[in-house]
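The structure appears below as structure tokens.
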């Protein structure tokens, strides 16, 4: 029984992690910390957990986590990097659901996140926790950087094409759309229902932090650097990401459907839909799956991939649990085999 | 391992039943019938079930159900009553998720449902499957009439008050609200997103089929007949029912909070919230729980109860599974202990 | 041409007032104040006004409003009462869209709003701006207290019944539902889309500020005090209020449909729907109308009224414009005759 | 006073046209036809029109339209082409809101619409009613083909770039998103709220009828043919289209902001937002405007344009009214100068 601690946990990623771990047969959450909610039962803050968790938020002092084997950070960016070194030194393993260890290049990280990195020595050790790319490394990792939500959806869609060298890597386009839970659970005018309901918009067209993260991942499999235009959009719904990916084909004779099916044949959480399909975000709501379809419109030289995930599951907490399963030798889908909630 | 058959199953109640049974450890779905979708894999119609079900819809002829122990009807009203007699004769047990066996009085049923009842002899035998009221009878039942969605939310809210004789039973009011999945999955203009999104309305104020069903249940516990004004409303969301109940108190000194907590102390699926709470439908999304709060506004002589369920779970498929568990001696919450999906 | 000033105006009531006045032929907005947004063009904050308004928010000092004939307060509760006296002394007329002057009884106001009233002398003078009840007084008023959103929907639904003495006034019930714009445009977790989307709940069952406001209005027409149970609910949509009203009839022989049609025959903004109808909030989205249907379910002794308004129009800014029209002798529907936006 | 007839008008385009014409000072709707709703008042079908229209649907026989000057077709594809010839012969002018006359090439039309064209002789005469491109021709036109919703949003976004020859015309990408009202008001499972709410998906990736329409328009301004990948998506909201457009720049030194502002300086309904902006669909809800922003992400060689319209207004009925105004010498914005409804 893995003893799990959670730092943070008052946001949407936190409650989703608690939901998934509540029925996970291989672990037990022994501590959850929150400065603002210390002393409050988690089931008071999140009533869906009534009857499923007796946990009470505790002050974020280190003693609370002493009994843990593994610590999840479900905190804003910039927290895990200050606390992870001590936890690792104390023999614990760490999965950061935020962005602190996602970029290997310290300078790039500091540029996009606007602060000094507090633990640059760990950047090289941290494993980017995309199991479909780095499964073996995750198994051995002390420190896992859980991928961002958009990067998960985009990377899984482009991987087969780049690994096969079938597309012009210099001009990739990712047009992505997310439900509002991606913006987190914090007081703000911009994500009020009155502001986001019944409306749709692009944002951060000029540049978004997930762009360098995706480029880093894609460069790992492409022959050299990649060029990527990345545009996110806000959808008037709560959960779900859809990424529509565009690339120009070097070779229009390749069997793209077979390529994707072969690449993901043994992946428990990547589902390549039949030719001609259009994945819906609701088909993965609450589930850890990524569903993908690949198209070549009007038989031209542009490939279009549509990829959907639940941003809080495969895009955050669920992928974290998947990584935990790998780190501790459990079945990769342990605690993650519930069907999505549809409708 | 209970061998389960499903008749119908192309609607929202059907897919929800399949979702719940996909991870239920005590049963196996061996057949699902649909005239319109025969030959089609269920996971093709409902992509959330990809990887969870290999079932293929078959023609609704009786041989398909021969190997079943238990048959669920997830059909429109009027179907189960024509097929249940033969299945019962063949030694199977039946749970009807539709309304065919909910009203004990044939005449009343025929008035509200606008057709002749095809199996009136079974009305007396059918057990109304509200476990919180009829648990022992359900255990022995061959034929269970699974309660309607509104009736479940309303009955659970009024039961403690009526059992204790604390309210004027002649003038009860139930103001109820439902997400659109309650209207089913059939082509219709009235439930298009363009018609129901960003709007709210009452409907069927003049009279609704669930009114006699609720009155029958409440009369079972009240001292004689009850008077009930029942008004349903359509909410621009998919899942969830909230019922706000009003009654005049005979006795304003009673401890209503204690009354509710005591009544439901041992119920696995009825959660009485702390005093002063307001249950949200999202706190039960995908879960089989009913969450209830009881209030006495401004310390007056009117009691107000707010009760929430997921109309597709505790209001339909989940309660059906709860009844199945009771009928076969399984733990009542077997396969039903997932937390709700929030947000 | 009426010279209009607006104090506040960065919230939803403010932008709606600006929208309505942008095409109003009888007035001109000459100043709008906001401490937080001073110096910013209103069309920058509210892009729907691009091309319709050149206004720039100015600091809320008194000189900015010197040129106005009429000042609207679109501010939080407690602001208008501190500034109205000076404006009235300077010969201006005032319409407060907030609650400062809605309750005639200072003590009751201070109890519900939790502060000392800064201008109690004006409470007796202020006219409660429900034209359907106080039209003549509004025409002469220097100071209009614009009614609350729920109180408008509830009062218009009960008025005919109470005026005719047809119902037991001691046990009225108002079950009301509002879109989230009613909670305003301020940073808050509780009204995030992630918290309010796809969910429904009651709130403030124990007591809500609109309860005494409604009672005061109803008592004006009933024979003595009234008893009212008032329960509001939050609907996952942006605009719209529906109120379902319940009362016990003294006389079940009255022609309720005729009563309502007669009462509102000459009202430009109250539309009594044909017998058997169910008003939808979308039928008044963006419009100043209240649509009402009256029912007697199952021919019993309970009358049920369903009343819908747009909370930002007839429930706030639109009713304010209606009052302005009356105060300045314009046609009552001047600038208010646009059809609702449907779908 | 223009005498207007409407053929069809029971769908969303129809009710929107009726809403806009209800307050249009220069025309009068004298007849509206519908086979299915003949005899029914339009305000009965669309309650937002109560008090604004006394019209009653009539049978679609030709005599009903004899008194009209102008006939709008708000019908499914394939209807206008059968009736327009007779109306034109009778001296009437016609605006088809459907697709019958949008493609100049009969063969291409028949391929995409799957039927024989009934009036191919009129294809050459029909004017494609995008005023920003064809204003002078519209003024003289007897027969206007009102553009599709996606084509309007996409064409207005690409026009300045193609006219200036700044982008590689062979590899344009349009990633477009629409609310569900674009799918019309007809009974269907696919557009139920239970199917489309809280979910997002791409559709018709393999090919969509609006692709050839857009290519035809863009080819008119580009130097030769253009290559276009067009992918539409369904957004869980009712109204609004956002188009995100991608193209590779030939010249990264051009001032794109100035280019767009200059191109649309005199256009009453195209609003170029300040540099760095992100248009929201709600900023045009109910209004005839297209709002556009142009970006060059990370100062690279890809230009990204985001363009929003209300699919029922600038994407259908509103553009039809704009064309009518041009045809009859009215001010182009006559009846179209209401601000959008926000929130």
For the range D:34-45, state whether one or more residues are modelled with pLDDT of 95 or more and closer than 27 Å to residue D:152 by Cβ. yes
Select from the range C:109-129 the residues that are within 20 Å of residue C:208 (Cβ to Cβ), touching a residue at least 12 places away in the same chain (Cβ under 8 Å) and over 20 Å from the mean Cα position of the chain (by Cα) and list them in ascending order. C:115, C:117
Regarding residue B:307, is this residue buried (at least 17 other Cβ atoms within 10 Å of the Cβ) and farther than 30 Å from residue A:339 by Cβ? no
If we scan the range C:39-56, do we find a residue that is buried (at least 18 other Cβ atoms within 10 Å of the Cβ) and touching a residue at least 40 places away in the same chain (Cβ under 8 Å)? no
Picking from C:219, C:204, C:164, the residue that is more than 21 Å from the chain's Cα centre (by Cα), farther than 28 Å from residue D:48 by Cα and outside the structural domain of residue C:98 (by TED's automatic domain parsing) would be C:164
Only listed residue being modelled with pLDDT of 95 or more, over 18 Å from residue A:198 (Cα atoms) and within 9 Å of chain B (Cβ to nearest Cβ), chosen from C:215, C:248: C:248
Kindly evaluate residue C:244 against the criterion of being under 30 Å from residue C:170 (Cβ atoms), touching a residue at least 12 places away in the same chain (Cβ under 8 Å) and out of contact with any helix residue (DSSP H, G or I) (no Cβ under 6 Å at 6 or more places or on another chain). yes
Find the residue count for the range B:1-17, including only residues that are farther than 21 Å from residue D:196 by Cβ, touching a helix residue (DSSP H, G or I) at 6+ places or on another chain (Cβ under 9 Å) and modelled with pLDDT of 95 or more. 6
For residue D:147, are the conditions met, namely being surrounded by 24 or more Cβ atoms within 10 Å (Cβ to Cβ), at pLDDT 95 or above, within 19 Å of the chain's Cα centre (by Cα) and over 30 Å from residue A:240 (Cβ atoms)? yes
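Between B:181, B:188, which is away from chain C (no Cβ under 14 Å) and either under 28 Å from residue C:277 (Cα atoms) or within 16 Å of the chain's Cα centre (by Cα) (or both)? Give the steps one after another, and end with the answer.
Values: B:181 fails: away from chain C (no Cβ under 14 Å).
The unique qualifying residue is B:188.
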Residue B:142 vs. criteria closer than 17 Å to residue B:270 by Cβ and either buried (at least 24 other Cβ atoms within 10 Å of the Cβ) or in contact (Cβ under 8 Å) with a residue 12 or more places away in the chain (or both): no
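Residues checked against (1) in contact (Cβ under 8 Å) with a residue 60 or more places away in the chain; (2) within 28 Å of residue D:114 (Cα to Cα):
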{"residue": "D:157", "(1), (2)": "yes, no"}
{"residue": "D:161", "(1), (2)": "yes, no"}
{"residue": "D:198", "(1), (2)": "no, no"}
{"residue": "D:207", "(1), (2)": "no, yes"}
{"residue": "D:214", "(1), (2)": "yes, yes"}
{"residue": "D:226", "(1), (2)": "yes, yes"}
I'm trying to understand the selection: among the residues of the range B:206-249, which are in contact with a strand residue (DSSP E or B) (Cβ under 7 Å, 6 or more places away or on another chain), outside any helix (DSSP H, G or I) and more than 30 Å from residue C:282 (Cβ to Cβ)? B:226, B:227, B:247, B:248, B:249
Look at residue B:207 and say whether it is at the interface with another protein chain (Cβ under 8 Å from one of its Cβ atoms) and either on the phi > 0 side of the Ramachandran plot or buried (at least 24 other Cβ atoms within 10 Å of the Cβ) (or both). yes
Does the range D:21-64 hold any residues that are part of a loop (DSSP other than H, G, I, E, B) and either over 27 Å from residue C:270 (Cβ atoms) or more than 14 Å from chain C (Cβ to nearest Cβ) (or both), and which are they? D:26, D:34, D:35, D:36, D:37, D:38, D:39, D:57, D:59, D:60, D:61
Only one of D:176, D:191, D:152 is buried (at least 20 other Cβ atoms within 10 Å of the Cβ), touching a residue at least 24 places away in the same chain (Cβ under 8 Å) and under 22 Å from residue A:282 (Cα atoms), namely D:176
May I ask you to say which residue of B:194, B:157, B:182 is modelled with pLDDT of 95 or more, in a helix (DSSP H, G or I), touching a strand residue (DSSP E or B) at 6+ places or on another chain (Cβ under 7 Å) and in the same structural domain as residue B:240 (by TED's automatic domain parsing)? B:157
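The values are calculated or read from the model by the stated rules, or taken from the named source; none is laboratory data. Predicted model only: the values in this text are computed from it and were never measured. Here the Cβ is made from the backbone with ideal geometry for all residues, glycine too, and neighbour counts use every protein chain on show.
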